[in-house]
Each structure stands twice: as structure tokens, then as C-alpha cells.
Amino acid sequence: VMDYGAKQNILRCLAERDCYLKVFPMQASMADIKAFQPDGIMLSNGPGDPGVMKKETEVVKQIVDSGIPVFGICLGHQLLAQSQGISTYKMHIGHRGINQPVKNLISGKSEITSQNHGFTVSEKDIAGNKNIEITHVNLNDQTIEGIRLKDRNVFSVQYHPEANPGPYDARYLFDEFIAHMRK
């Protein structure tokens, strides 16, 4: 787990799925991570402007390039996007609260999500990147809520599937991450 300000419940959600966890500080290098020989890497949530996190974005790029499965949440989602050349920007009005409706474009189902962010990823930049698929959109303002890379087991969401207490609509994402690691 790359700790950019990780919530304890992210660790619980992974441990409940029999993951053995090591939490790396945000300054960890790819060499530090590789020494642990992880089956997958969680990019945690956290506060702040992803646009100023150049070193962290570079390490995320190295993680993605390594072929290790990756799951990013919130800030981790934004850093993943930046590592793939997708810019982020400050929203006029951020998403706050436990009642944000999101549509999963893969399943066609809607989810009620918990969110707390003021930055998002550029839809325009994603449109120019043939290796990124948009997986989730916010039903209030159509901003990007999830992406995945087409050529790797790498995906992320802008919201908090680990939210506690609830909503629990998006907990399945942890199961998807575990399935990617098992491949």
C-alpha cells in the first residue's frame, strides 16, 4: 500500500480478503517496493493537489511499467492518471459526502459513493489516450470517476469504496483487485 494518507479501512478491506500488507511511505522508491515483491499495489487516498506531486507520480509510472497489478483510490486515482500523461485540475465545486451517484460504464449499474475531493482528471486528455478506458462517471456532473488501462491489470476510482460506515455499493472493487493479483 502506497500511503499518501491512507484510511485505516482500506487496510481492513484488503486484510479481510487475506492480503498480507506492507504500508510504504509516499517517499518510497521503486527499489523499496520491488524488494518486498508485492503481488499488487494499492495507491491510497490522501489530501492535496496531485499536480505538485511530481516525484510520487514518477514512482507510480514505474509501478505501472513494472506490470504489477495496481488499484488506486482518490488521490491514488489522480496520481495514476498523471503517470499516464493525463492532467488533473481543481474543480469549481468538489465532490463531498456519502451520496454521490456514480455510473459503472462496464456493468451499467449505478452506485452511491462516498467522496471527498476537489481535484479531478481531464476527460479531454483521456480522449487522446487510446490505452485508457473510462469505467465510471459521476451522474451529477459527468466528471471521470474511474479508469483502467487496457493493456495491464491497473485501475482506479475517484471515490472511496472503503467508506465506513458505508455506502458499501463499491466494495466489489477490492474483489476485482484481488482477482487481478491472482492472475
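Restricting to the range 78-103, name every residue that is farther than 17 Å from GLY46 by Cβ, open to solvent by less than 30 Å² (accessible area, probe 1.4 Å) and of a type in the set (S, T, N, Q).
Once the filter is applied, which keeps residues that are farther than 17 Å from GLY46 by Cβ, open to solvent by less than 30 Å² (accessible area, probe 1.4 Å) and of a type in the set (S, T, N, Q), the range 78-103 yields only GLN100.
Can you find, within the range 41-56, the residue that is surrounded by the fewest Cβ atoms within 10 Å (Cβ to Cβ) among those that are among the small types (Gly, Ala, Ser) and closer than 26 Å to GLU176 by Cβ?
GLY46
Looking only at the range 1-25, filter to residues that are outside any loop (DSSP other than H, G, I, E, B) and free of Cβ contacts under 8 Å to residues at least 60 places away in the same chain; which one of those is least open to solvent (accessible area, probe 1.4 Å)?
PHE24
Consider ILE106 carefully, then state whether it is open to solvent by 20 Å² or more (accessible area, probe 1.4 Å), among the aliphatic types (A, V, I, L, M), modelled with pLDDT of 95 or more and under 17 Å from the mean Cα position of the chain (by Cα).
Yes, satisfied.
Are any residues in the range 109-137 surrounded by fewer than 20 Cβ atoms within 10 Å (Cβ to Cβ), over 19 Å from GLY85 (Cβ atoms) and of a type in the set (S, T, N, Q), and if so, which ones?
SER110, ASN116
The values are calculated or read from the model by the stated rules, or taken from the named source; none is laboratory data. Given the structure is predicted, the values throughout are model-derived calculations rather than measurements. For neighbour counting, all protein chains shown are included, and Cβ atoms are generated from backbone atoms with ideal geometry for every residue, glycine included. Surface areas here come from the heavy atoms of the whole protein model, side chains and all, with no ligands, DNA or RNA. Shrake-Rupley method; radii C 1.70, N 1.55, O 1.52, S 1.80 Å.
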